[in-house]
Amino acid sequence: MFVTMDDGVRIHVEAAPDNGRPPLLFSNSLGTSLHMWDAQMAPFGDAFRVIRYDSRGHGRSDAPPGAYTMDRLGRDALAILDALAIARTRYCGLSKGGMVGQWLGAQVPERIERMALSNTSAYIPAPELWKTRIEVATDKGMAALSQGIIERWFSEEFRENNPDEIARVTGMVLATPGHGYAGCCAAIRDMDQRASTKGIKVPTLVVAGARDPATPPDHGREIHKLIEGSEFVLLDAAHLSNIERTAEFNRAVLGFLGR
């Protein structure tokens, strides 16, 4: 299904039928699609009504040109909940999805029952890095960025031992429109949620990867310190910990969201 935003952008959504189980919204990382959550669908589907979507600029969703904002990405997620008549949900987001989760937890806490924020940051002080990525994605496309992205996302051992999975994720990166990727890069570049994240009262689990160069463990620890009462889990993974350490990720997140 597609949900049309207030600016006319269509967001692609996959929602399980309402089965009476608590809803759970998954939000994808920069440069992937909703299929980054494929390994979570079966185990989480046993406990929740799972909803996942392609972020603006990604997957089958529209990719309008120009810079996006974290407020815009957060309102996209909120509009999906409204379209499905979901008053309150569990939430799980990784990287950019975790940034959207912080926005939701701060701005509309009444809509979020519990949330897991994985491999993410409240603030990334690297404007030149994002400027370069925006220029390359816009001018040359995702093929010029894909190798570096995959090297940041997965440890060397995982890349060597899981070629099929690497090929699958690389395909998601290459399928991402360059201007959609650039639009979300701008949202991350301009984001500083440290003050608002400090006020979050929603029960929160923070997951970090011990070998994550994109959002290092200290970024997760900072969020853990900002959100009073939050819990923290460190996995032996790089950036996409839900793929690199699927069993450990599922156990930690299911255990927390299922309370």
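The values are calculated or read from the model by the stated rules, or taken from the named source; none is laboratory data. These numbers were taken from a predicted model, which means no experiment stands behind them. With ideal geometry, Cβ positions are generated from the backbone for all residues, glycine too; neighbour counts draw on all protein chains shown.
Yes or no: Leu117 modelled with pLDDT of 95 or more, in contact with a Phe, Trp or Tyr (Cβ under 9 Å, 6 or more places away or on another chain) and within 20 Å of Lys225 (Cβ to Cβ)? Considered against the rule, which asks whether it is modelled with pLDDT of 95 or more, in contact with a Phe, Trp or Tyr (Cβ under 9 Å, 6 or more places away or on another chain) and within 20 Å of Lys225 (Cβ to Cβ), Leu117 comes out as yes. For region 23-55, which positions are under 30 Å from Ala67 (Cβ atoms) and either assigned to a loop (DSSP other than H, G, I, E, B) or in contact with a Cys (Cβ under 6 Å, 6 or more places away or on another chain) (or both)? Answer for region 23-55, where residues must be under 30 Å from Ala67 (Cβ atoms) and either assigned to a loop (DSSP other than H, G, I, E, B) or in contact with a Cys (Cβ under 6 Å, 6 or more places away or on another chain) (or both): Phe26, Asn28, Ser29, Leu30, Gly31, Thr32, Ser33, Asp54, Ser55. When the residues of region 123-146 are filtered to those that are basic (Lys, Arg) and within 17 Å of Thr69 (Cα to Cα), the one that is surrounded by the fewest Cβ atoms within 10 Å (Cβ to Cβ) is Lys131. Taking the condition at pLDDT below 95 and either of a type in the set (Val, Ile, Thr) or part of a loop (DSSP other than H, G, I, E, B) (or both), does Gly20 pass? Yes, satisfied.
Among the residues of region 1-54, which ones are under 24 Å from Leu254 (Cβ atoms) and among the hydroxyl-bearing types (Ser, Thr, Tyr)? Listed by number, the residues that qualify are Ser27, Ser29, Thr32, Ser33, Tyr53. Of all residues in region 201-224, which are under 12 Å from Leu117 (Cβ atoms), outside any strand (DSSP E or B) and in contact (Cβ under 8 Å) with a residue 24 or more places away in the chain? Across region 201-224, the qualifying residues are Val202, Pro203, Thr215, His219, Gly220, Glu222, Ile223.
Results for (1) assigned to a helix (DSSP H, G or I); (2) aliphatic (A, V, I, L, M); (3) modelled with pLDDT under 95, shown as yes or no for each residue.
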site: Ala77; (1), (2), (3): yes, yes, no
site: Gly105; (1), (2), (3): yes, no, no
site: Leu129; (1), (2), (3): yes, yes, yes
site: Val136; (1), (2), (3): yes, yes, no
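Okay, residues lined up against (1) touching a residue at least 60 places away in the same chain (Cβ under 8 Å); (2) over 12 Å from Thr176 (Cα atoms):
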{"site": "Leu25", "(1), (2)": "yes, yes"}
{"site": "Leu30", "(1), (2)": "yes, no"}
{"site": "His35", "(1), (2)": "yes, yes"}
{"site": "Gln40", "(1), (2)": "yes, yes"}
{"site": "Arg52", "(1), (2)": "no, yes"}
{"site": "Arg56", "(1), (2)": "yes, no"}
{"site": "Pro64", "(1), (2)": "yes, yes"}
{"site": "Thr69", "(1), (2)": "yes, yes"}
{"site": "Arg72", "(1), (2)": "yes, yes"}
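Just so you know, in region 73-119 the residues that are over 24 Å from Arg189 (Cα atoms) and among the basic types (Lys, Arg) include one that is surrounded by the fewest Cβ atoms within 10 Å (Cβ to Cβ), and it is Arg88. Taken over region 225-243, the criterion of being more than 17 Å from the chain's Cα centre (by Cα) and either part of a loop (DSSP other than H, G, I, E, B) or not hydrophobic (A, V, I, L, M, F, W, C) (or both) is satisfied by Lys225, Ile227, Glu228, Gly229, Ser230, Glu231, Asp236.
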